[in-house]
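Notes to accompany the following structure.
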Amino acid sequence: MSIAPLYLDYNATAPMRPEALEAFCSAAEQTGNASSVHAFGRAARKLVEESRRCIARCIEADPAQVIFVSCGTEANATALGSIINGQKADNLIVSSVEHPSVLQAIPETTRTVPVDSSGHLSPATLRETLEDVPEGARVSIMLANNETGILQPISEIADVVHAKGGLLHCDAVQALGKLPLSFSQLGADMISLSAHKLGGPQGVGALVLRKGLHLEAYLRGGGQEGRRRAGTENVAGIAAFAAAVEAAVAELSQFQSLENAHRKMEERLRNAAPEAVVFGTESERLPNTSCVAMPGVSAELQLMALDLEGLAVSSGSACSSGKVEPSHVLTAMGADKTLAANALRISSGWASSPSDLERFSQAWIDIYRRQQRAA
């Protein structure tokens, strides 16, 4: 008898929502470049601008602040690598748990600030770091960690950065569609978003800018996106992105039941394996994310055993494709490399149910017990 597959890797990419798929297919059936002036082009432009307004409304921003890009990585690279208000990011400050696309954006000018054992960046620690750099540094701190789900105090961090005349960029890719997100209240000068993390298509994202910031195009060529991002707009992807955001924001309440299911799952795993480590339990986290280390069993062995059971989870960032290595996020929190190498990320989403987490926990416990008997 075949085993029904179960997908619990939403932080890597979420299945497309029906609303997004419908919007994508409808837009893909239309012909026209959004930069063309004829009727076909105007129809494509209308879709792009309607989508821009929709996303802006969902995050409490102005449509003119939303720049469409190809993905979260491009949004991060643009925010950190572009000339903004005539200045380069000659001093870039990031936390030690950032996504690789931030850590590697401009490594020659990057200074890394440590987090504590709970995964938090202390505003006081950041303030001390900024004392040693010139005024006007650019700082990039993620809102929600992609591996642990731990949330950072962005509003407090924004106050620290702005007091030193700096600009704050926030990678909000994992937060959108899982938490209420208001750009106007967050306090950051720029945020990065991505469609495929919440049920939109892969290959489209956005960078949102505070009013008053002038960003020179990172990708140069045509005059698309108000001359802030060259390249033909992905009309179908943008339309589907907006549909996914609108659906996700309307269904935020479903994550409460998922959060309860995740916490019950974590409790069950620790009851079965008291030496198991659940990262971030003392911190505020995304409702859909658990990061758990199985004592004495590598993540690679766990992934293979779970895959044979039809269960899809991950060992960390999907942007470290093909590698199962100790997580830089967990080691930055003080975990030793052996423990970090035993950790899995379980992330649920819009099509998940509490029973999915129950099935995972039983499979995890079975693997643990088999390893215990073998040992």
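The values are calculated or read from the model by the stated rules, or taken from the named source; none is laboratory data. Everything quoted here is computed from the prediction, not taken from an experiment. FYI the Cβ positions are ideal-geometry reconstructions off the backbone, even for glycines, and counts take in every protein chain you see.
Does any residue in region 43-63 that is touching a residue at least 40 places away in the same chain (Cβ under 8 Å) and surrounded by fewer than 18 Cβ atoms within 10 Å (Cβ to Cβ) come within less than 8 Å, Cβ to Cβ, of a residue that is assigned to a loop (DSSP other than H, G, I, E, B) and polar (S, T, N, Q) six or more places away or on a different chain, and which pairs are these? As it stands, the answer is 60/182, since those pairs meet every condition given. Only residues that are assigned to a strand (DSSP E or B), without any contact (Cβ under 8 Å) to a residue 40 or more places away in the chain and buried (at least 23 other Cβ atoms within 10 Å of the Cβ) were counted in region 86-145, giving 0.
Against the numbered list (1) out of contact with any strand residue (DSSP E or B) (no Cβ under 9 Å at 6 or more places or on another chain); (2) at pLDDT 95 or above; (3) surrounded by 14 or more Cβ atoms within 10 Å (Cβ to Cβ), residue 287 comes up short only at (1).
Residues being under 26 Å from residue 119 (Cβ atoms) and not in a loop (DSSP other than H, G, I, E, B) are represented in region 60-73 by at least one member.
Among all residues of region 324-332, there is at least one that is modelled with pLDDT of 95 or more and under 22 Å from residue 267 (Cα atoms).
Of the residues 106, 157, which is of a type in the set (Val, Ile, Thr) and modelled with pLDDT under 95?
106
The rows are residues; the columns are (1) among the polar types (S, T, N, Q); (2) surrounded by fewer than 19 Cβ atoms within 10 Å (Cβ to Cβ); (3) under 19 Å from residue 142 (Cβ atoms).
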{"residue": "266", "(1), (2), (3)": "no, no, no"}
{"residue": "283", "(1), (2), (3)": "yes, yes, yes"}
{"residue": "291", "(1), (2), (3)": "no, no, yes"}
{"residue": "302", "(1), (2), (3)": "yes, no, no"}
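Just the residues that are surrounded by 21 or more Cβ atoms within 10 Å (Cβ to Cβ), part of a loop (DSSP other than H, G, I, E, B) and not small (Gly, Ala, Ser), please, taken from region 177-218. 178, 181, 189, 196, 197, 198, 201, 204, listed by residue number. The criterion of being surrounded by fewer than 23 Cβ atoms within 10 Å (Cβ to Cβ), closer than 29 Å to residue 147 by Cα, in contact with an Asp or Glu (Cβ under 8 Å, 6 or more places away or on another chain) and in contact (Cβ under 8 Å) with a residue 60 or more places away in the chain does not hold for residue 71. Working only within region 2-52, note down all residues that are of a type in the set (Val, Ile, Thr) and assigned to a loop (DSSP other than H, G, I, E, B). Within region 2-52, 3, 13, 31, 37 meet the criteria.
The residue pairs whose first member lies in region 268-296 and is closer than 19 Å to residue 120 by Cβ and assigned by TED's automatic domain parsing to the domain that holds residue 362, whose second member is of a type in the set (A, V, I, L, M, F, W, C) and assigned to a helix (DSSP H, G or I), and whose beta carbons are closer than 7 Å, counting only pairs six or more residues apart or on different chains, are 277/339; 279/330; 287/255; 287/258; 290/265. Considering 226, 221, 237, the condition of being part of a loop (DSSP other than H, G, I, E, B) and out of contact with any Leu (no Cβ under 7 Å at 6 or more places or on another chain) is satisfied by 221 alone. Pairing residues of region 338-355 that are part of a loop (DSSP other than H, G, I, E, B) with residues that are at pLDDT 95 or above and of a type in the set (Lys, Arg), at Cβ distances under 7 Å and at least 6 apart in sequence or on separate chains, gives 350/17.
Suppose the filter is charged (D, E, K, R) and within 16 Å of the chain's Cα centre (by Cα); does residue 74 pass it?
Yes: the conditions hold for residue 74.
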